[in-house]
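Trainee: There's a structure below that I have some questions on.
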Amino acid sequence: MPYESHQPHYASVFLDIKNREPLNAEPDVAALIEFPHTPDDLTYCRNHGPITVLDEETFTIKVDGEVQTELKFTLDGLRRSFPHASIVAAMQCAGNRRSTMARKKGRDTEGIPWGEGVVSNLRWTGVRLRDVLLAAGLAQDVLQSQDGMHVCFCSHVAPCEDNTFFGGSIPLAKALDEGGDVLIAYEASR
C-alpha cells in the first residue's frame, strides 16, 4: 500500500505503537480506566490505511442511492443545514484483547496483537443521520419496508488494506430511529 502521501500523525508517548504504517496504537488499560472520558493522549489509534488530512473547505459528503434527491455537503454546509447533536459513546476495535485470545488458545491469531486498551469513551458532536436521510427524501416503499435494508457508507479518500476504499453499513431502522443516536460526527471531545 502506498504511503507516499501519508500524513505523519501524532501518537502520544502514552500509546504502545503496534504499527506505524498504518498507524495503530493503544494505551495501557490501567491508565485508561482512570478517566470517565478518554483524554486525547490515551485515545487509541486504529487505521486501515494512510492518514489523509482533509481540507474542510473542499471535502464533501454525498447522500445518494434510494433517495429522491441526491445531496452533497461540505463540512460547513452540513453544520449549517441541520441541528447539532451530541452523544457520549464508547468505541471499541473488534480486535480488542486479541493477544489474550491467542495466549489462551495457545496459537497465533490473524491481525494486530491488541491488548485490552483498544477502547475509548468520547463525546461525539455532529448531525443526526436520520435528519440527513429524511432531507434527501427516502422513497415511500423504502420507509414502509425497512427490513433487511441498510445505510451503506463508503470513503474513497484513502485506500484500505484490502481495497481502494473503506466502507461499512448499519440497518436503516437504526439510522431512522427517532430516539436514536446515529450521527455524522465532525467532532470528538474528550
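Trainee: When region 39-60 is examined, which residues are found to be in contact with a Ser or Thr (Cβ under 8 Å, 6 or more places away or on another chain) and closer than 13 Å to S12 by Cα? Can you show your working first?
Mentor: As a first pass, look at region 39-60 and keep what is in contact with a Ser or Thr (Cβ under 8 Å, 6 or more places away or on another chain): 40-44, 50, 52, 56-60.
Within region 39-60, D40, D41, L42, T43, Y44 meet the criteria.
Trainee: When you check V88 against the structure, is it in contact (Cβ under 8 Å) with a residue 24 or more places away in the chain and open to solvent by less than 60 Å² (accessible area, probe 1.4 Å), yes or no?
Mentor: Working: in contact (Cβ under 8 Å) with a residue 24 or more places away in the chain: yes; open to solvent by less than 60 Å² (accessible area, probe 1.4 Å): no.
Here the answer is no, as V88 does not meet what is asked.
Trainee: Could you give me the residue pairs with C-beta distances under 6 Å whose first residue belongs to region 155-182 and is under 11 Å from L129 (Cα atoms), whose second residue is part of a loop (DSSP other than H, G, I, E, B) wherever it lies, and which are 6+ apart or on separate chains?
Mentor: Short answer, once both residue conditions are applied: L172/Q146; L172/M149; A175/V182.
Trainee: Evaluate region 126-145: report whether one residue or more is surrounded by 11 or more Cβ atoms within 10 Å (Cβ to Cβ), in a loop (DSSP other than H, G, I, E, B) and in contact with a Pro (Cβ under 9 Å, 6 or more places away or on another chain).
Mentor: No, because not a single residue in region 126-145 is surrounded by 11 or more Cβ atoms within 10 Å (Cβ to Cβ), in a loop (DSSP other than H, G, I, E, B) and in contact with a Pro (Cβ under 9 Å, 6 or more places away or on another chain).
Trainee: Right, next: Collect the residues in region 97-145 that are in contact with a helix residue (DSSP H, G or I) (Cβ under 8 Å, 6 or more places away or on another chain) and aromatic (F, W, Y), keeping them in residue-number order.
Mentor: Across region 97-145, the qualifying residue is only W114.
Trainee: Name the pairs whose Cβ atoms lie under 6 Å apart, with the first residue in region 36-54 and closer than 20 Å to E116 by Cβ, the second surrounded by 14 or more Cβ atoms within 10 Å (Cβ to Cβ) and acidic (D, E), and 6 or more positions between them or separate chains?
Mentor: Y44/E26
Trainee: Looking at D181, is it surrounded by 13 or more Cβ atoms within 10 Å (Cβ to Cβ) and part of a loop (DSSP other than H, G, I, E, B)?
Mentor: Against the criterion (surrounded by 13 or more Cβ atoms within 10 Å (Cβ to Cβ) and part of a loop (DSSP other than H, G, I, E, B)), D181 qualifies.
Trainee: What's the total number of residues in region 91-121 that are farther than 22 Å from E34 by Cα and open to solvent by 40 Å² or more (accessible area, probe 1.4 Å)?
Mentor: Qualifying residue count for the region: 13.
Trainee: Looking only at residues in region 115-125 that are out of contact with any Asp or Glu (no Cβ under 6 Å at 6 or more places or on another chain) and in a strand (DSSP E or B), which one is farthest from A31 (Cα to Cα)?
Mentor: Ranking the qualifying residues of region 115-125, first place goes to W124.
The values are calculated or read from the model by the stated rules, or taken from the named source; none is laboratory data. Since the model is a prediction, treat every value here as computed from it, not as a measurement. Note: ideal-geometry Cβ built from the backbone for every residue, glycine included; neighbour counts use all protein chains shown. All accessible areas refer to the heavy atoms of the entire protein, side chains included, with ligands and DNA or RNA removed. Shrake-Rupley method; radii C 1.70, N 1.55, O 1.52, S 1.80 Å.
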